[in-house]
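J.: One structure, pasted below without further comment.
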Amino acid sequence: MDGTITELTLPLDDMREDTKNYYIKHGFPAELLEPADGISSSTAKAKDYFLSNGVQLSDWEQMEAEVDQILSQHEGFAAASAVLIEGTLDIVNRIRQAGMLTAILTNNGRSSVDKIMQQLPIANHFDIIQTRHESPLPKPYPDGLLKIALQLGVNVDEMVYVGDALIDAAAANRAGIEFWGVATGETPADVLQNAGASIVFQSLEGVLREVLVRSKVH
């Protein structure tokens, strides 16, 4: 959603830092974290460390819930100022008119996404809008994309995932789904290309053009 459908307003650096600081405060060795670690990779490392060092699963789940609250607070503030990237819904409508199903997979929480949908006319333009709270595991894990494929009744080779971040590329690659990058968020085009994007566009208009070309071919 952020950086692809809506303007990127999330304080991602603060969210990553707060996540890392929470785990460190609770005993996770800071030296095991790298500057490149994001929220998901920091959480995966913390989970492995705590569960392998005697922390009970119920205690870990409590920590995970507290981190979720921290992230949701950031997301709630950002949701209040959410704005669509210009022309987005017109583009989505034309993609749907070409016979495509559309879905959103976001690592944002449900409460912030619901808040955004109260402000912006997004809901009617997508068949599924799935947050981290409905995904078995958040991106970069493939679980959310695979769940959407099942819900839509399509095979992964019939899908394309469009995103602006490295975790989008990782999730798509792990799910076996073609990934198209859009350089509308925090990640430059060359980085998305190197992460496995089959095509990188400067805007969603490029996505629309490619969809229309492929729909004519098939």
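Each reported figure results from applying straightforward, stated rules to the coordinates on display, with no laboratory input. Treat the numbers as computed from the prediction; the structure is a model and nothing was measured. Backbone-built Cβ (ideal geometry, glycine too); neighbour counts: all protein chains shown.
J.: Jot down the radius of gyration and Dmax of the range 56-160, Cα atoms only, both in angstrom.
T.: My reading of the Cα-based Rg and Dmax gives 15.6, 51 Å.
J.: Percent of Cα-Cα pairs more than 15 Å apart in the range 1-81, please.
T.: Value for the range 1-81 (Cα pairs over 15 Å): 57 percent.
J.: How much length is gained if the chain between S81 and N93 is pulled fully straight, taking 0.36 nm per residue apart and subtracting their Cα-Cα distance, in nm to one decimal?
T.: The S81-N93 span can extend by a further 2.0 nm.
J.: A further question on this structure: Let me know the volume per residue of the alpha-carbon convex hull for the range 119-158, in Å³.
T.: Roughly 89 Å³ of hull volume per residue.
J.: Excluding E7 itself, calculate the net charge of residues whose Cβ lies under 14 Å from the Cβ of E7, where each Lys or Arg counts +1 and each Asp or Glu counts -1.
T.: Once all neighbours under 14 Å are counted, the net charge is -4.
J.: I want to check the label-to-label distance for W60 and H133. Put each point 7 Å from Cα in the C-beta direction and report it in nm to one decimal.
T.: Modelled inter-label distance: 2.3 nm.
J.: Restricting things to alpha carbons, tell me how big the chain is in terms of Rg and Dmax, in Å.
T.: Values for the chain (Cα only, Rg and Dmax): 17.8, 58 Å.
J.: Among V83, V200, V162, which comes first, second and so on when ranked by fewest other beta-carbon atoms within 10 Å?
T.: The most exposed by this proxy come first: V83, V200, V162.
J.: Could I ask something else about it? Note the angle between two axes, namely the Cα long axis of helix 166-175 and the longest principal axis of the Cα atoms of the chain, as a number of degrees from 0 to 90, rounded to the nearest 10.
T.: On a 0 to 90 degree scale, this one is about 80.
J.: Also, I was wondering about something else. Compute the acute angle (0 to 90°) between the alpha-carbon long axis of helix 143-152 and the principal axis of greatest extent of the alpha-carbon atoms of the chain; round to the nearest 10°.
T.: Taking Cα atoms only, the helix is inclined about 40 degrees.
J.: While we're here: Counting other C-beta atoms within 10 Å, which of F126, F50, F179 has the fewest, and how do the rest follow?
T.: F126, F50, F179
J.: With every atom except the alpha carbons ignored, what do you get for Rg and Dmax of the range 97-218, in angstroms?
T.: Gyration radius and largest Cα-Cα distance of the range 97-218: 14.0, 40 Å.
J.: Taking 2.2 N^0.38 Å as the expected size of a compact globular protein, what ratio does the Cα radius of gyration of the range 50-104 give against it, to two decimals?
T.: The range 50-104 yields a ratio of 1.94.
J.: Can you tell me the orientation of helix 39-52 relative to the chain, as the angle in degrees between its alpha-carbon axis and the longest Cα principal axis, to the nearest 10?
T.: 40 degrees
J.: With Cβ to Cβ distances under 15 Å as the rule, what net charge do the other residues near V213 carry (K, R +1; D, E -1)?
T.: Net charge in that neighbourhood comes out at +1.
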